[in-house]
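Student: Dumping the structure here so I can ask a few things about it.
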Amino acid sequence: MATHWKKLSVLGMILILIVVLPMVTDLGSNIMNVMVTLFMYIILSQSWNLIGGYTGQINLGIVAFFGVSTMVTHFLWKAGVSIYLAITAGSLSAVILAAVIGLPTLRLRGMYFAVGTLALAQAAQTIVGNIFTRTISMPGSFSTNYSLTPRYYLGLTLVVIAMLVVYAVTRSKIGLAMVAIRDDEQAAQVTGVKVFKYKVIALLISAVLSGLAGGLYAYVRLSFYQVFALFSPSWTFDALLAVVIGGGGTLFGPVIGSIFLVVLSEIFVNTLGQAHLIVFGFIFILVVLLLPEGLMGGVDVVRPWVYRTRRSSQ
Amino acid sequence: MNAVIQTVLIGIAIGALYALVALGFGLIMGVMKFVNIAHGSFIIIGGYVAYWLFTLLGIDPYLSIPAVMLVMFAMGLILYRLLFSPLLKYPRAEMRLDKSLLITFGVMWILDNTVTLLWTPDTRSIVTSYTGSTIDILGAKLGFTGLAGLILAFLVAVILHILITRTYFGKHVRAATQDSGAASLSGVNVQRTYLISCGIAAAVAGVAGVVIVSSYSITPSGGLNWLLTAMVVIVLAGEGNITYILPAGLILGLVQSISTLFVSSAYQEPIALIIFILVLMFKPKGLFASRG
């Protein structure tokens, strides 16, 4: 229990620091931008974490949910709806899309869900690329009043919401069912877990989170030059990478993974250019092969080793 | 009427190509229960090998097929040795499948970005003296390259079928597919069987790449779309059923081609997705599965 409080107070302190810091000092638009990107990555990777990390269903098309929410939010906001309502509607549209692809594919085992989501993302990219051939953007008045601060706080709020959702879901009966399905679907079925039902629930909650990330993106970016790039597989890859590197099926794995990813790409983009994507690919494969539980699992590997050396040095 | 024959002809040609694209993917899927998301990238790389052989050395794309197959075979061996064989240590098949999905997604990412970096994101295609020429069949026209793709697809499908059903190696493959443990106990070198199957799958991907680069075009990121086509064909054929891949490919090609009579040809991918979902809902074991 004591460690529980210690953890909570450390988390609270970090949160307060993140909340207060932009109020006290001017961080500059560069750092603010990186922070907002980080918030987006955390939400998106938490979404992948729920369905992939906790439930064990590989979603290779999370970008479809993200992208559709971005577009719905963008157009509703443009039509004069408040941004909060627009993001909510965007998330809802992501949920609908998730139901369309999830209901037929999640019933079957094996590769169908992965293939279905990947196909959905590609089809969405094609459709959107055919319809929106020109840049879409918000009216000029939005960009003259543009300020990063509300984006920062909305992003932070959404991150907190996403973390609370993941925490609540995984501590509930649903979370128990999800983990049971991941660890051994057959055994879960035999012991009375309604496998299909919980897979769909996990997917829908996950889609809500992707939708929130997409809505935030629509709030941050006012114009989209190539609309089909919203559905680029690189979003999926980034979310996957963050979860796998940080550690799937843990609450803080995706956060660590996202920080790792965002910081590393900030460093690499200037030095390596496009080659940094290849480096990420290698890191990804190495982590999947060698550190199946990601950096969070790595901590567990290192911890006893550190303690042992400390004890022996005493 | 003429337009209909033309459409059907195009459908058959492209359907055969779909089958060719799906064969290598289906082989790995069927034999090892691994999903190779990088299959599309392999196809693209095969296309690039043919492209550079043609551009730099002037070798005709169809004559370069053996060289392409050899290069791709080697790539398949490397893929197996480095990434697939470590996965065999996982006891449960689902776990192996999930890991293979993740890893090959990473491989696809690396290959696509490497190709973009090396050879720019430009669209490439091989234009030979006979590229534009057509052959008249029943009053409709079929491009020479389309016909070549059709013949190659049938050839590869038949050879693979014979290899699996009539040879000693095929016996090993079938044994390893059905029960790798029992096969291993009765003296089948399962690891080697997997290794060679993986090489063959990549070589077949190379052939598909040659057909694509000479009759259509390739881009570094285009592999994903071909991969999805392959997956839809596999779902139509029934998972792990290599024999039915050719008919399944032809059906998909015909449906897509006939659909262009009604909707814009830009929507072929969504149509493939709709077919995919419908088949999964109503015939989850493939079009050719008997009841039950």
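Student: Which of B:GLY199, B:GLY30, B:GLY58 ends up with the largest GNM mean-square fluctuation for chain B, with Cα atoms connected below 10 Å?
Tutor: B:GLY58
Student: Next question. Would you mind checking the tilt of helix B:93-119 against the longest principal axis of the Cα atoms of chain B, expressed as 0 to 90 degrees and rounded to 10?
Tutor: Long axis of B:93-119 versus the principal axis of chain B: about 40 degrees.
Student: For helix B:168-178, report the angle its Cα long axis makes with the longest principal axis of the Cα atoms of chain B; keep it between 0 and 90° and round to the nearest 10°.
Tutor: Taking Cα atoms only, the helix is inclined about 70 degrees.
Student: Gap in Å between the Cα centre of segment A:153-168 and the Cα centre of segment A:21-37?
Tutor: Computed from Cα coordinates, the inter-centre distance equals 19 Å.
Student: Mean residue ellipticity at 222 nm from the helices of chain B, using -39,500 (n - 2.57) per DSSP H segment of n ≥ 4 over the full residue count, to the nearest 500 deg cm²/dmol?
Tutor: Per the formula, -23500 deg cm²/dmol.
Student: Which helices count as membrane-span-like in chain A under these terms: full DSSP H, at least 18 Å along the axis by C-alpha, Kyte-Doolittle mean of 0.0 or more?
Tutor: Both cut-offs are met by A:2-24, A:28-48, A:62-78, A:83-106, A:112-131, A:148-171, A:195-220, A:233-246, A:253-272, A:275-290.
Student: Averaged across A:276-287, how many Cβ atoms of other chains sit within 10 Å of each residue's Cβ atom?
Tutor: Averaged over the peptide's residues, the number is 5.
Student: Could the peptides B:37-45, B:1-9 be put in order, highest first, of the mean number of other beta-carbon atoms found within 10 Å of their residues?
Tutor: Highest-to-lowest ranking by the protection proxy: B:37-45, B:1-9.
Student: Please report the spacing between the Cα centers of segment B:239-273 and segment A:67-87 in Å, no decimals.
Tutor: Cα centroid to Cα centroid, the span is 35 Å.
Student: Scan around A:GLN274 for amide H atoms under 5 Å from its own, H built in the peptide plane at 1.01 Å from N, and keep only partners 5 or more places away or cross-chain.
Tutor: For A:GLN274, whose amide H was placed from the backbone, there are no distant partners under 5 Å.
Student: From other protein chains only, count the Cβ atoms within 10 Å of every residue's Cβ in B:266-274, then give the mean.
Tutor: Mean number of neighbouring Cβ atoms from other chains: 5.
Student: Moving on. Nearest 20 debye, what's the magnitude of the dipole of the protein assembly as shown about its Cα centre given +1 on Lys and Arg Cβ and -1 on Asp and Glu Cβ?
Tutor: Computed charge dipole of the protein assembly as shown: roughly 1420 debye.
Student: Given the -39500 (n - 2.57) contribution per DSSP H run of 4+ residues, what per-residue ellipticity at 222 nm results for chain A, rounded to the nearest 500 deg cm²/dmol?
Tutor: -26500 deg cm²/dmol
Student: Follow-up. Relative contact order (percent) for segment B:2-282, with alpha-carbon contacts under 8 angstrom and 6 or more residues of separation?
Tutor: Reported relative contact order: 42 percent.
Student: Simple spin-label model, 7 Å along Cα-to-Cβ: A:VAL81 to B:SER85 in nm?
Tutor: Distance between label points: 5.5 nm.
Student: Using DSSP to call loops (not H, G, I, E or B), can you name the chymotrypsin sites (Phe, Trp or Tyr not before Pro) in segment A:133-234 whose Cβ has at most 16 other Cβ atoms within 10 angstrom?
Tutor: A:TYR146, A:TYR225
Student: Still on this structure, I have one more. May I ask for the distance between the Cα centers of segment B:110-156 and segment B:86-109, given as a whole number of Å?
Tutor: Their Cα centres are 32 Å away from one another.
Student: Another one. Placing +1 on the Cβ of each Lys and Arg and -1 on the Cβ of each Asp and Glu in segment B:161-292, which of B:THR219, B:PHE288, B:ALA202 has its Cα farthest towards the positive end of the resulting dipole?
Tutor: Positive-end residue among those listed: B:PHE288.
Student: Could you list which residues have their amide H under 5 Å from that of B:ILE137, counting only those 5 or more apart in sequence or on another chain, with H placed in the peptide plane?
Tutor: Those lying under 5 Å, H to H, from B:ILE137 are B:LEU142.
Student: Still on this structure: Output ³J(HN,Hα) for segment B:274-289: one whole-Hz value per residue in order, computed from phi by the Karplus curve 6.51 cos²θ - 1.76 cosθ + 1.60 with θ = phi - 60°, and x for Gly and Pro.
Tutor: Residue by residue, segment B:274-289 yields 5, 4, 3, 5, 4, 4, 4, 6, 9, 9, x, 9, x, 5, 9, 6 Hz.
Student: Across all directions of projection, what mean area in square nanometres is found for the Cα convex hull of segment B:1-101?
Tutor: With the hull built on Cα positions only, its mean projection is 8.7 nm².
Student: Also: So which lysines pass the test for A:LYS173, namely a Cα distance under 21 Å, with those fewer than 8 places away in the same chain ruled out?
Tutor: The qualifying lysines are A:LYS194, A:LYS197, A:LYS199.
Student: While we're looking at this one, here's another question. Per-residue mean of other chain beta-carbon atoms within 10 angstrom of the beta-carbon, peptide A:265-275?
Tutor: The per-residue average across the peptide is 1.
Student: Please report the relative contact order for chain A, taking Cα pairs under 8 Å with a sequence separation of at least 6, and give it as a percent rounded to a whole number.
Tutor: 30
Student: Compute the long axis of helix B:144-166 from its Cα atoms, compare it with the longest principal axis of the Cα atoms of chain B, and write down the angle in degrees, 0 to 90, nearest 10.
Tutor: Here the helix axis deviates by roughly 20 degrees.
Student: I need the trypsin sites (Lys or Arg not before Pro) found in segment A:111-191, filtered to DSSP loop residues with at most 14 other beta carbons within 10 Å of theirs.
Tutor: Those satisfying the criteria are A:ARG134.
Student: Right, something else. Pick out, in residue order, every one of the trypsin sites (Lys or Arg not before Pro) in segment A:20-121 that is DSSP loop and has at most 15 other C-beta atoms within 10 Å; say none if there are none.
Tutor: Loop-located and lightly packed - A:ARG109.
Student: Just A:VAL179, A:VAL299, A:VAL159 to compare: in a GNM of chain A, with alpha carbon springs under 10 Å, which one fluctuates most?
Tutor: A:VAL299
Student: Return a whole-number percent for the relative contact order of segment B:151-271, with Cα pairs under 8 Å and 6 or more residues apart as the contact set.
Tutor: It rounds to 16 percent for segment B:151-271.
Every number here is computed from the coordinates shown, using simple stated rules; none is lab data. For clarity, every value in this text was computed on a predicted model and none was experimentally measured. Positions of Cβ are backbone-derived with ideal geometry, glycine not excepted, and every protein chain shown enters the neighbour counts.
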